[in-house]
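The values are calculated or read from the model by the stated rules, or taken from the named source; none is laboratory data. None of these values were measured; they are calculated from a predicted model. Neighbour counts run over all protein chains shown; Cβ positions are idealised from the backbone, glycine included.
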Amino acid sequence: MPVDQRRINGPEVTVPYQLYVDASSKSFEKQLDLLKKREDGRAHGEVRKMFVKTGVISQAKGSTYIEVGTTKVVCSVFDPREIPNKMGYSLQGNLYCEFKFASFSCRKRKIHQQDSEEKEYSLIMQRALEPAVCRHEFPNFQVDIYALVLDNGGSCLPAAITAASLALANASIPMFGLVAAVSAGIYSDTIFLDPTTEEEALCSTGPPQTDKSKNHGIIMQACLPQHDQVAELHFVGDIDVSSIAPVLETLTTASKDISLVVQQRLVKSVIKTLKEKEREKENEIKTEIN
């Protein structure tokens, strides 16, 4: 892969210091501790506290900043523009989504170009947002959506999808409803709702061979709670079909709770915008009188 020479990427031989930490003796004990009690003190079926703010990027039509625990994501949406390199006429508008990790967001430093994981997350985010956008309102045009992860504390993809949905609404893009996304990690019979990076790594490795249940993996669900519809379901791992149903019910309930927070933030942003317009009109009337 070509390297961007215009940026200071640092020495290519640098490695994270975590590689030199001998955690082999504590790995199994740490896994057992996570199964009993989560590091942040949450219950296994509890999501992290969320902070959302809109209008953080002045150059964008709409933008959102979201914090879910230690995960920090900023998302920006720009005005619809004509689809580039399009020969025919498209009745449906397109969504161009770009998911990117900041170079300092993960333990292992990321390069400036998109890797395979970021391209996959971009496609998942696009599929999750397309059912919520009224694409027939802007035919032959596309809306650009950019999500940048500033700090990866786990469950960064659902946080980016939720932030992108709110940024689209903040940009006055016609939508059927807001998308709320949440993920769950499964390790044997334990379900980690809204997992952190350590819990995601635990659920990705899977339980030992001595364990009766071999279920392990991560499920991400993006849905439209206003219409009780699932927009996207992404799954990685090995889970029995009988074990998926209770997980999806837990994700649906958590999505409804998240959507309430997002809707409240959207209402506040609309009220703020209306007050600003009223002040502008009052100032115009005062200047005309003077």
Given (1) surrounded by 13 or more Cβ atoms within 10 Å (Cβ to Cβ); (2) closer than 19 Å to Phe141 by Cβ, Glu82 misses just (1)
In the set Ser122, Ser105, the lone residue that is touching a helix residue (DSSP H, G or I) at 6+ places or on another chain (Cβ under 9 Å), surrounded by 13 or more Cβ atoms within 10 Å (Cβ to Cβ) and either closer than 16 Å to Ala160 by Cα or not acidic (Asp, Glu) (or both) is Ser105
Q. Can Ala60 be described as touching a residue at least 12 places away in the same chain (Cβ under 8 Å) and under 15 Å from the mean Cα position of the chain (by Cα)?
A. no
Filtering segment 238-290 for residues that are free of Cβ contacts under 8 Å to residues at least 12 places away in the same chain and either surrounded by 15 or more Cβ atoms within 10 Å (Cβ to Cβ) or hydroxyl-bearing (Ser, Thr, Tyr) (or both) leaves a count of 4
Check: Quick check, is Tyr65 aromatic (Phe, Trp, Tyr) and modelled with pLDDT under 80?
Finding: no
Filtering segment 130-152 down to residues that are surrounded by 18 or more Cβ atoms within 10 Å (Cβ to Cβ), under 15 Å from Pro80 (Cβ atoms) and touching a strand residue (DSSP E or B) at 6+ places or on another chain (Cβ under 6 Å) yields Val133, Gln142, Val143, Ile145, Tyr146
Among (1) surrounded by 19 or more Cβ atoms within 10 Å (Cβ to Cβ); (2) modelled with pLDDT of 90 or more; (3) under 14 Å from the mean Cα position of the chain (by Cα), Arg127 falls short only on (1)
